[in-house]
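Below: the structure, in C-alpha cells.
The values are calculated or read from the model by the stated rules, or taken from the named source; none is laboratory data. Predicted model, so just to flag it, every value in this text is computed and none were measured. Cβ: placed from backbone, ideal geometry, glycine included. Neighbour counts: every protein chain shown. Heads up: the accessible areas ignore ligands, DNA and RNA and are worked out on the full protein's heavy atoms, side chains in. Shrake-Rupley method; radii C 1.70, N 1.55, O 1.52, S 1.80 Å.
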Amino acid sequence: MTIALIDRFRAVLPVSEATPVISLGEGSTPLLSAPRLSERLGVEIWLKWEASNPTGSYKDRGMTMAVSKAAEDGAEAVICASTGNTAASAAAYAARAGIPAVVLTPEGAVAGAKVSQTRMLGAKVLEVRGDFDEALAAAQELSHRGTHVLVNSINPYRREGQKTAVYEIVEELGTAPDAFVIPYGGGGNTSAYAIAIGELGISTPIYSVEAEHRPTTLASAIRIGDPVHAASVQAAGANIVTVSDDEIVAAWLELATTEGLFCEPSSAAGLAAIRRGAVQGERVVLTITGHGLKDTEAADRYAPPLAQVDADPDAIAAAARA
Ligand SMILES: *Cc1c(COP(=O)(O)O)cnc(C)c1O
C-alpha cells in the first residue's frame, strides 16, 4: 500500500495527530544505480529519481507538508510564485485539500507544460509582468496580510518535507554517500538536505550546482537571479559549482541516452558538475529533480531531428541505419 510521506517520516516531522495528511503518494522514490554512467565517469553514481513524485518533481515532498499544515491552520487559500514546478505541486495539493490556490508566474518564463498542468489542477494562474524575484516579493507581501498562506520554499514546512529525500537515500544505501549533488535554483532543497544531514549526524558534503547565467539559463527551473536561500546555502557549507548551459545540455542528453532517464534540463546540472570533475568522492548521489515531459520545448530544441520515411521495410531499414 502507498504510504504518505508524512506517515512514513512522522517521527522527524513537525506534525501531530491533529494534522490532516494531504497526500498524493509522494516520496519513497526510486534510487537507481547508473552502471554505464558510473563506468564512463569513473565514479559510483546513484540517481534519486524525484520525477516519479505525483506531479513530476521533488516539490511534492515539501508541498504535502506545507498544504497539510495550512489546512491544519484553517487557511482560506495558498499562494506561491513559481518557475513552474512549485506551481503544479501547490495546485495539486491544494485541490486535494479543497483549498483554492493562487499561482504567480513570471510572464513568458515558465515551461508550457507546467502552466497547462497547473491550470488543469484548478489553480488561479496569474502571469506577473516581471521576473521571478518580483513575483515572489509580491506573493510574500500578500501573505503578510493573513489571507493567503505562502507555500514557497520560505515556508519552513517545505524544507521539512524535502529533507526526507536524504533519509530515504541513507536508509536505502545503508550508509551515507560521499556526496549529494543537486541543482541550485533558490537553494531551498540545499537547505533541506542540510537539515537532514544535521539530524542524521552524517558529514556528507552537498554540491549545489547553479547555471552560469542564472536569469537566462535554458534550465527554467533554476532560472532564478537572486536565490532566496543563499545565506543558508552558505551556512550549510555547500560547495557551489557553476556550469554553463552547454554543459547542462550535454549532461542532459547523456543521462537520457545512457541511463534512460528523461529529466528537465535543470536536473542534469548535477551531472554536468560530475562530468567536469568538480565533485569529490567515490560514491555520489545525484538528485534528478524533475521530469523531462515538463519541458518538451527544450527537448524539441536539442533532441535528434525527426526523419520521414515511406511505409516500406527496405526504406525503413535504410533510414534506421542512417
Ligand atoms: C525547484 C527546482 C529546482 C531548484 O531547487 P531549489 O530548491 O530552488 O534550489 C531544480 N530543479 C527542478 C526540476 C525544480 O523543480
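One table, with the values for the structure above:
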{"quantity": "Rounded Å value of the spacing that divides the Cα centres of segment 6-57 and segment 245-322", "calculated": "22 Å"}
{"quantity": "Å² of accessible area per residue within the chain, as computed with a 1.4 Å probe and no ligands counted", "calculated": "43 Å²"}
{"quantity": "Candidate residues Y207, Y302: accessible-area rank, largest first, probe 1.4 Å", "calculated": "Y302, Y207"}
{"quantity": "Segment 242-322: C-alpha gyration tensor shape, a/c 1.5 cut-off, then a/b vs b/c", "calculated": "prolate"}
{"quantity": "Label zone at E141, where the point sits 7 Å out along the Cα-to-Cβ direction: segment 110-127 residues whose backbone N lies under 18 Å", "calculated": "126-127"}
{"quantity": "Taking all pairs of distinct alpha-carbon atoms in the chain, Kirkwood radius in angstrom", "calculated": "20.0 Å"}
{"quantity": "L126 paired with A231, simple spin-label distance in nm, labels 7 Å along Cα-to-beta-carbon", "calculated": "2.7 nm"}
{"quantity": "Efficiency of FRET between L173 and S38 - r from beta-carbon atoms, R0 22 angstrom, step 0.05", "calculated": "0.95"}
{"quantity": "Range in the chain, longest, excluding exposed trypsin sites (Lys or Arg not before Pro) [loop by DSSP; at most 11 other beta-carbon atoms within 10 Å]", "calculated": "146-322"}
{"quantity": "Value of relative contact order over the chain, rounded to a whole percent, pairs C-alpha under 8 Å and six or more apart", "calculated": "18 percent"}
{"quantity": "Simple spin-label estimate for E212 and T258 in nanometres, 7 Å along Cα-Cβ", "calculated": "2.0 nm"}
{"quantity": "Segment 59-154, relative contact order in percent, only Cα pairs under 8 angstrom and at least six apart counted", "calculated": "35 percent"}
{"quantity": "Rounded percent of accessible protein surface that carbon and sulfur make up, the chain, 1.4 Å probe", "calculated": "51 percent"}
{"quantity": "D295 accessible area, assembled protein chains, probe 1.4 Å, Å²", "calculated": "10 Å²"}
{"quantity": "Rounded, prolate or oblate (a/c below 1.5 giving rounded, otherwise prolate when a/b exceeds b/c) for segment 59-154 by Cα gyration tensor", "calculated": "oblate"}
{"quantity": "For T175, solvent-accessible area (1.4 Å; no DNA, RNA or ligand), Å²", "calculated": "60 Å²"}
{"quantity": "L200-A303 FRET efficiency (beta carbon distance; Förster radius 30 Å; 0.05 resolution)", "calculated": "0.15"}
